[in-house]
Amino acid sequence: MRWLIDGYNVIRRDPDLRAHEAESLQAGRTALLRLVADAARAGGDRFTVVFDGALAAGPAGAGGQVEVTFSRPPEKADDVLVRLARQLGAGAAVVTSDRAVRDAAGRAGCAVISAEQFLDALSGESELEDPAPTFPPPKSGNPRRLSKDARAAQRALRRLRRA
């Protein structure tokens, strides 16, 4: 599976990562990439972390199964994520809490996971049986069964937790 991660969006949803970012943007990025690299080593999935802006100095990649991409102005990280989601489709999981990116990724067929769900899965704190979808349930069908989108997100999170 290919994971597409909205870097700054995830950093700003976690108190520890935010504390690193308060030191410097590079410290925040490095802390997130460390978490993602651990998950990549454990699970074997490929991760692409997308950040806004061009990198001024330092390494552009975390190596191995983790790729780091910086948007080039005037393009934003959201634009890059949407483009990658459309290219990869159902074979990808998009991690962001940005509503516009979530909607576009869902239309492209990707599993959509909030930054909070992703961070919980990495820390092992969330319950698999309680996905707490952030979108309204479908109007018809079995009310006890999760929607297709919620099941796809749950499968992606299960892969991450097994790592």
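The values are calculated or read from the model by the stated rules, or taken from the named source; none is laboratory data. Computed from a prediction, not measured in an experiment: that's the story for all the values here. Here Cβ is always computed from backbone atoms with ideal geometry, including for glycine, and neighbour counts include all displayed protein chains.
Before moving on, here are some points about what is shown:
- The residues of segment 46-96 that are at pLDDT below 95, among the hydroxyl-bearing types (Ser, Thr, Tyr) and not in a strand (DSSP E or B) amount to a single one, SER71.
- Residues of segment 121-163 classified as at pLDDT 80 or above, part of a helix (DSSP H, G or I) and surrounded by fewer than 17 Cβ atoms within 10 Å (Cβ to Cβ), total: 5
- Residue within segment 9-18 that is β-branched (Val, Ile, Thr), in a helix (DSSP H, G or I), modelled with pLDDT of 95 or more and within 26 Å of ALA152 (Cβ to Cβ) present: yes
- Taking first residues from segment 101-125 that are at positive phi and partners that are outside any helix (DSSP H, G or I) and crowded, with 20+ Cβ neighbours inside 10 Å, the Cβ contacts under 9 Å between residues at least 6 apart in sequence or on separate chains come to GLY109/ALA92.
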